[in-house]
1. Can you name every residue in region 76-91 that is part of a strand (DSSP E or B) and either modelled with pLDDT under 90 or not β-branched (Val, Ile, Thr) (or both)?
2. Of all residues in region 273-285 being part of a loop (DSSP other than H, G, I, E, B) and at pLDDT below 95, which is nearest to the chain's Cα centre (by Cα)?
3. Just checking, which of Pro99, Pro84, Pro165 is under 24 Å from Leu262 (Cα atoms) and either touching a residue at least 24 places away in the same chain (Cβ under 8 Å) or within 17 Å of the chain's Cα centre (by Cα) (or both)?
4. From the list Ala255, Ala288, pick out the single residue that is in a helix (DSSP H, G or I), touching a helix residue (DSSP H, G or I) at 6+ places or on another chain (Cβ under 9 Å) and small (Gly, Ala, Ser).
5. Report the residue count in region 244-268 for those that are modelled with pLDDT of 95 or more, in contact with a strand residue (DSSP E or B) (Cβ under 9 Å, 6 or more places away or on another chain) and not acidic (Asp, Glu).
6. Could you list, in sequence order, all residues of region 92-143 that are in a loop (DSSP other than H, G, I, E, B), more than 25 Å from Thr172 (Cα to Cα) and of a type in the set (Val, Ile, Thr)?
7. Could you identify the single residue in Tyr307, Tyr302 that is surrounded by fewer than 23 Cβ atoms within 10 Å (Cβ to Cβ), without any contact (Cβ under 8 Å) to a residue 12 or more places away in the chain and part of a helix (DSSP H, G or I)?
8. Can you pull out the residues in region 212-230 that are touching a Lys or Arg at 6+ places or on another chain (Cβ under 7 Å), of a type outside the set (Gly, Ala, Ser) and not in a strand (DSSP E or B)?
Amino acid sequence: MWELRTDEVLQRWVLYSTVRGKRPHAFAAPPEQMTPSAQCPFCPGNERMTPPAYRIYLPPAENPVVVEGEDAAYQTGWLVRCIPNLYPAVAPPDKASPPVSGFHELIIETPHHEDHPGVMPVRQLSLVFRAILDRLSELKEVEAVRYVSIFRNHRRRAGASLAHPHLQLVATTFLPPRVEQEQVAFTKYLDAEGGCYLCRAIEQAREQERLVFETERFAAFTPRATISPFEVWVAPQFHQARLLDQSSSDREELAKILSHTLKALRALLNDPPYNLVVHHCWREEKPAYHWHIRIIPRVTTYAGFEYGTGVIINPVLPEQAAAALRKLATKT
């Protein structure tokens with residue numbers, strides 16, 4: 001079958017062509033050569049292979065000891081380690097001025113070389129979110145920072161140069177155009193429809209059997225127009241614009257639903273490459289916006305049609321993807 005779906009808010013056009021489709025196992029990722037931990041700069045014992053840490057979190061994960069500054073620089077025994085990127089995309093503020101200055105940092109999510117979020121304990125993932133929020137709170141006080149991009153690239157095909165689990169924060173002194181366009185689009189939707197675009201998207205996902213997993217506060221679902229097979233969004237079921245407004249209980253529940261979702265993707269697609277991106281409001285409160293996480297598996301390749309037209313060909317309907325993932329998410 002063929003079906004064209006559009007999302008006017010996000011400006012997505014997706015041509016579903018399921019005659020080209022395959023069973024989920026056909027999208028399974030091939031094995032990938034891992035960097036030996038002895039050569040990995042992010043593994044314990046190799047701390048001096050990286051820039052000095054500005055913060056580390058020591059055990060226990062439930063109530064960690066936070067060490068900062070010089071005391072954190074090369075200390076071992078950490079659970080989460082926060083460092084500047086050795087090869088930053090933006091120049092450090094002491095070396096350049098806006099718009100090319102900013103902060104590019106890494107959060108090393110675990111001391112264990114292969115414990116990415118689809119494997120690590122929920123309490124560890126919750127600590128990772130705490131590290132994100134702690135840093136966001138600090139960067140909020142830096143007047144020049146206009147936005148902080150938060151993302152993780154999993155496996156080489158998704159852009160990861162190192163296998164050891166880590167995510168990235170890029171704080172820019174400009175508001176990226178795509179971020180601004182999305183915030184404006186959410187506001188226009190609110191003015192036209194009288195409600196939140198994402199709140200309505202969650203309702204529609206429930207009505208149309210596109211939910212993957214849900215908790216009291218959060219939902220994981222496949223959006224109606226997916227730009228990649230098995231794309232999943234995770235969002236609060238209550239309206240909330242800013243990631244920074246998370247409570248500790250919210251953080252723990254977010255870790256739980258993200259763990260279930262990533263474990264399901266890992267089981268279904270053999271640990272696929274993916275990009276995980278946080279879409280959020282930054283300094284200003286945007287009443288129309290609703291923060292969320294997008295997980296985009298890199299299991300197909302854009303070619304001439306996609307680049308030439310902006311229309312994405314997708315061989316897997318989101319309802320089919322949600323059904324396959326739901327079976328696995330509820331078992332984890």
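The values are calculated or read from the model by the stated rules, or taken from the named source; none is laboratory data. All values derive from a computational prediction rather than experimental measurement. Every residue, glycine as well, gets a Cβ built from its backbone with ideal geometry; the counts of neighbours run over all protein chains shown.
1. Arg81, Cys82, Pro84, Ala91
2. Only one residue tops the list, namely Trp282.
3. Pro165
4. Answer to the selection: Ala255.
5. Total meeting the criteria: 9.
6. The answer is Thr110, Val119.
7. Working: Tyr302 fails: part of a helix (DSSP H, G or I).
Unique residue meeting the criteria: Tyr307.
8. Thr215, Thr222, Arg224, Ile227 - these are the residues of region 212-230 that are touching a Lys or Arg at 6+ places or on another chain (Cβ under 7 Å), of a type outside the set (Gly, Ala, Ser) and not in a strand (DSSP E or B).
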